[in-house]
Amino acid sequence: MIITGAASGIGEATAKALRERGAQVVGLDLKGEDDLIVCDVTDQASVDTAVAAAVARLGGGLDALVNCAGIGLPQSATEKPGPDVLRVLDVNLLGTWRVTASALPALRTSHGRVVNISSGLAHLAVPFATAYGASKRAVVGYSEQLRSEVGDEVTVTTVYPGYIRTPIHDASQSAGIGLEGMVPPEPLSAAVETIVRAIYGKPVRDLATTKRGARAYAAMRFVPKGLVERAVRRQMRTGARRGLFKSTPMTSDLLARLER
């Protein structure tokens with residue numbers, strides 16, 4: 001198996017859990033340390049070299065790919081998109097696409113599985129997660145496109161973690177607009193168990209990482225979008241009044257209106 005983003009967070013924990021089950025796992029990450037292969041998912045040549053090296057290390061075969069590599073950098077939807085926006089889209093969406101395309105010949109031979117990590121934020125929008133939310137919705141779309149083309153040969157599962165305390169949230173926390181205190185955190189183990197299920201269990205298209213998340217995402221298909229948006233705004237207003245957010249040039253306008 002190949003796992004991207006295997007140096008930290010969900011990727012690292014999943015690689016550990018799979019090895020404990022006896023699986024052969026090769027991790028890809030920007031950090032080429034320990035048993036990881038250096039891979040920059042924003043560069044196709046780097047991806048092709050790393051995937052080829054990983055498949056060779058695995059003895060020439062590949063049964064599963066888990067696309068965990070991702071970043072979260074805050075932006076405002078009201079501002080012109082800058083380099084951070086392009087980087088989030090490049091890593092989260094195009095990185096998933098690049099690695100999958102490179103690994104696909106081996107996966108088609110084995111009738112293997114692709115597990116793409118999306119997010120609960122693919123189902124609803126929260127302020128200042130503009131590029132992240134868009135990229136994770138796009139990962140869902142990419143999974144569906146992939147399934148439409150090679151779903152008869154490869155199983156494609158999209159996983160939707162909620163808020164898990166991993167380094168992907170560091171940039172938002174530093175900017176004073178993190179989710180800590182706003183939503184109940186999910187345990188890292190829940191995401192790991194869900195990914196393991198996607199690899200070893202009955203083929204499934206979409207998996208939430210908790211029962212609570214599954215119920216919420218299912219309900220959102222039927223609840224009017226306006227109600228969901230008003231609920232998010234109420235939650236943001238509560239957080240602002242509790243002092244959970246910092247006033248910065250990015251956030252000051254919205255926070256001022258929320259605190260009225």
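The values are calculated or read from the model by the stated rules, or taken from the named source; none is laboratory data. Fair warning: this is a prediction, and the values are worked out from it, not measured in the lab. Don't worry about glycine lacking a Cβ; one is built from the backbone with ideal geometry, like all the others, and counts go over all protein chains shown.
Things to note:
- Comparison of 73, 65, 18, 28 shows that the only residue that is under 30 Å from residue 179 (Cβ atoms), buried (at least 19 other Cβ atoms within 10 Å of the Cβ) and at pLDDT below 95 is 73.
- Filter result (part of a loop (DSSP other than H, G, I, E, B) and within 22 Å of the chain's Cα centre (by Cα)) within segment 39-71: 39, 40, 41, 42, 43, 62, 63, 68, 69, 70, 71
- Leading residue by the ranking (farthest from the chain's Cα centre (by Cα)) among those in segment 72-91 that are polar (S, T, N, Q) and in a loop (DSSP other than H, G, I, E, B): 78
Conditions (1) without any contact (Cβ under 8 Å) to a residue 60 or more places away in the chain; (2) surrounded by 18 or more Cβ atoms within 10 Å (Cβ to Cβ); (3) in contact with a strand residue (DSSP E or B) (Cβ under 7 Å, 6 or more places away or on another chain), marked per residue:
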| position | (1), (2), (3) |
| --- | --- |
| 6 | no, yes, yes |
| 10 | no, yes, yes |
| 13 | no, yes, no |
| 24 | yes, no, no |
| 34 | yes, no, no |
| 98 | yes, yes, no |
| 101 | yes, no, no |
| 105 | yes, no, no |
| 109 | yes, no, no |
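- Hits in segment 249-258 - residues which are of a type outside the set (Lys, Arg) and closer than 17 Å to residue 126 by Cα: 250, 251, 252, 253, 254, 255, 256, 258
- Any hit, segment 2-18, residues being assigned to a loop (DSSP other than H, G, I, E, B) and over 18 Å from the mean Cα position of the chain (by Cα): no
- No other residue among 228, 192 is more than 16 Å from residue 125 (Cβ to Cβ), touching a helix residue (DSSP H, G or I) at 6+ places or on another chain (Cβ under 8 Å) and among the β-branched types (Val, Ile, Thr) apart from 192.
- Residue 135 vs. criteria over 11 Å from the mean Cα position of the chain (by Cα) and either over 24 Å from residue 18 (Cα atoms) or small (Gly, Ala, Ser) (or both): no
- The helices (runs of 4 or more DSSP H) located wholly in segment 152-260 that include 1 or more residues which are within 24 Å of the chain's Cα centre (by Cα) and surrounded by 16 or more Cβ atoms within 10 Å (Cβ to Cβ) occupy 170-174, 188-200, 211-220, 225-241.
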